[in-house]
Each structure stands twice: as structure tokens, then as C-alpha cells.
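All remarks here apply to the structure that follows.
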Amino acid sequence: MRWNLEWLRTVKAIYETNTLTAAAQELFIFQARVSLHLNSLEAYTGYPAFPTTRLLVLPTLRLA
């Protein structure tokens with residue numbers, strides 16, 4: 001698997017909105033696709049991008 005620029009767009013949207021659902025709405029895609037992009041990026045890098053809580057996502061130090 002190689003780096004995908006859609007992952008970057010998705011991470012940016014998550015970072016700006018703080019939720020996967022709001023990021024999906026901003027990108028006009030399904031929330032499942034946002035989750036897939038995030039999971040793919042984390043699998044590729046080997047690091048979590050956002051430690052998730054029940055309601056929001058916050059950037060890790062590696063992303064901030």
C-alpha cells in the first residue's frame with residue numbers, strides 16, 4: 001500500500017471538525033469512508049493519528 005492524498009484531506013477535516021461524522025459531512029463522503037481513511041493511514045504509519053474518545057477526536061503529538 002502506498003501513501004494516499006485522500007488520507008491527508010481526511011485527517012485535515014477530522015482535525016478541523018474534531019469528529020469523524022462532521023469530517024464526513026465536510027468532505028461529502030460517508031462516515032465509514034472517513035474511518036477507512038483514518039485506519040489506513042494509521043496502519044501505514046504504525047502510529048495512531050487521533051486518540052479517540054466517545055465524542056471527539058484529538059490529535060496526537062506526532063500529528064500536532
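The largest accessible area among THR19, THR45 belongs to the first residue in THR45, THR19, and the rest follow in falling order (1.4 Å probe, all chains). Phi angles of the stretch 28-33 translate, via the Karplus equation with coefficients 6.51, -1.76, 1.60 and θ = phi - 60°, into HN-Hα couplings of 6, 9, 6, 4, 4, 5 Hz per residue; Gly and Pro are given as x. For the stretch 34-41, putting each phi into the Karplus relation 6.51 cos²θ - 1.76 cosθ + 1.60 with θ = phi - 60° gives couplings of 4, 4, 4, 4, 5, 5, 5, 4 Hz, in residue order, rounded to whole numbers and with x for Gly and Pro.
The values are calculated or read from the model by the stated rules, or taken from the named source; none is laboratory data. Predicted, not measured: the structure shown is a model, and the values here were computed from it. We work out accessible area using only protein heavy atoms, side chains counted, and drop any ligands, DNA or RNA first. Shrake-Rupley method; radii C 1.70, N 1.55, O 1.52, S 1.80 Å.
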